[in-house]
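Read the structure below first, then the notes.
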Amino acid sequence: MRAVDYLADRAFALACFAAAEALVFGLLWLVEVPLVFILFAGGIFLAAFAAALLRDFFRKRRYYGRLLALLDQMDEKTLLMEAAGRPAFPEARVVAHILQCNGKYLNDQLAEQERQSREYREFLDAWVHEIKTPIAAARLIVENDKNPTTLKLDGELRRIDALVELVLYYARSGDVEKDFRVESTTLQALVHAALKACSRPIIQAGGQVQTDGLDVPVCADRKSCVFILGQILTNAVKYRQGALRLEISGKAERNRALLTIRDNGTGIDAADLPRVFDKGFTGQNGRRFPHSTGIGLYLCRELCRKMNMEIAIDSEKGRGTAVTLAFPTESMLQGAGL
């Protein structure tokens, strides 16, 4: 609180005091009271008024300054008034009561939203596990009766399974790190698991895969990394031009390991590149391919962030896309508490 703001707020009181002083001064002057006594009495009243103003100003500045300092320090802003304690002057007590009631309302609303969100995630978890049973049963039927029709059906079932997995990761995106299990592995093992999971659509796309330099040790959550790689491979299949060509290479650096997946697909418009990781963004490719969701790369970025990894995309329209994942070293993960 600045002194000039405080005085501006008290401008009417100051004007009333000045008018009263002038009136008393005039009346005493008219009854021929000696000037020295008039000045002495006026000085006493002025000093008393100034002392009251100064006490009020410093008391309020100290209180509001403490409030602002607490506000900067606290994570739970709605608990500010509980931490500040009872104010010493009436106006602040009124404001504190209003803020306390408002904070209680907001906390109740947050608690209710958390409860609903938790129930929603629990429902989705249960739904995903339930839906996987008929999907697995349908795929088993396809395996026992292979023909051109059932093979097409198997492809659609795999797409459904992948979308169900996407829903599960999206529902858990807020606290997916609770399920992390960081372990020592290699880029080769992660790539092999992802290629195996996506083998059918890659084969159907006439895919050829070249790998190089994947014998690089990394520390990561295997399940999440396979999901990320699966999303990248799925996009490569979806946005391919002609027969699919994949170049997968690894590289060890001082503090990290790099994994690059390059395809020969349609590429991404330069204007869309800065937003490819935004939730729900599909860009120009999304208009040409109606099944795009704009969720896959968003989840990849979120998972990478929570595993202390980095993900970057380089693309040129009509010439393919390269996705690079940067895996941290074991020492970096220990420093991040993973």
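Considering only region 317-328, I want to know if a residue exists there that is at positive phi, modelled with pLDDT of 80 or more, outside any helix (DSSP H, G or I) and in contact with a Lys or Arg (Cβ under 7 Å, 6 or more places away or on another chain). Show your work before the answer.
Of the residues in region 317-328, the ones at positive phi are 318, 320.
Keeping just the survivors that are modelled with pLDDT of 80 or more gives 318, 320.
Retained after the next criterion (residues that are outside any helix (DSSP H, G or I)): 318, 320.
Then drop every residue that is not in contact with a Lys or Arg (Cβ under 7 Å, 6 or more places away or on another chain), which leaves 320.
Yes, region 317-328 has at least one match.
For region 173-181, state whether one or more residues are outside the structural domain of residue 327 (by TED's automatic domain parsing), in contact with a strand residue (DSSP E or B) (Cβ under 7 Å, 6 or more places away or on another chain) and surrounded by 12 or more Cβ atoms within 10 Å (Cβ to Cβ).
yes
Just checking, which of 213, 207 is surrounded by 17 or more Cβ atoms within 10 Å (Cβ to Cβ) and among the small types (Gly, Ala, Ser)?
207
For (1) outside the structural domain of residue 291 (by TED's automatic domain parsing); (2) exposed (fewer than 14 other Cβ atoms within 10 Å of the Cβ); (3) under 20 Å from residue 171 (Cα atoms), each residue gets a yes or a no:
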| position | (1), (2), (3) |
| --- | --- |
| 111 | yes, yes, yes |
| 128 | yes, no, yes |
| 133 | yes, yes, yes |
| 137 | yes, yes, no |
| 141 | yes, yes, no |
| 145 | yes, yes, no |
| 149 | yes, yes, no |
| 153 | yes, no, no |
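Just wondering, is there one or more residues in region 108-128 that are within 26 Å of residue 232 (Cα to Cα), over 31 Å from the mean Cα position of the chain (by Cα) and either assigned to a helix (DSSP H, G or I) or not aliphatic (A, V, I, L, M) (or both)?
no
What tally of residues in region 282-302 results from selecting those that are under 19 Å from the mean Cα position of the chain (by Cα) and either farther than 15 Å from residue 231 by Cα or surrounded by fewer than 14 Cβ atoms within 10 Å (Cβ to Cβ) (or both)?
0
With the condition kept exactly as written, say whether any residue in region 78-100 is among the basic types (Lys, Arg) and in contact (Cβ under 8 Å) with a residue 24 or more places away in the chain.
For region 78-100, residues among the basic types (Lys, Arg) and in contact (Cβ under 8 Å) with a residue 24 or more places away in the chain: absent.
Answer yes or no as to whether residue 191 is β-branched (Val, Ile, Thr) and either assigned to a loop (DSSP other than H, G, I, E, B) or touching a Lys or Arg at 6+ places or on another chain (Cβ under 8 Å) (or both).
Working: β-branched (Val, Ile, Thr): yes; either assigned to a loop (DSSP other than H, G, I, E, B) or touching a Lys or Arg at 6+ places or on another chain (Cβ under 8 Å) (or both): no.
In short, no.
Go through region 6-28 and give me each residue that's among the charged types (D, E, K, R) and part of a helix (DSSP H, G or I).
Passing the criteria: 9, 21.
The values are calculated or read from the model by the stated rules, or taken from the named source; none is laboratory data. Every value quoted in this text rests on a predicted model; they were computed, and no experiment measured them. Because the Cβ atoms are built from the backbone with ideal geometry, glycine has one as well, and the counts that use them run over all protein chains shown.
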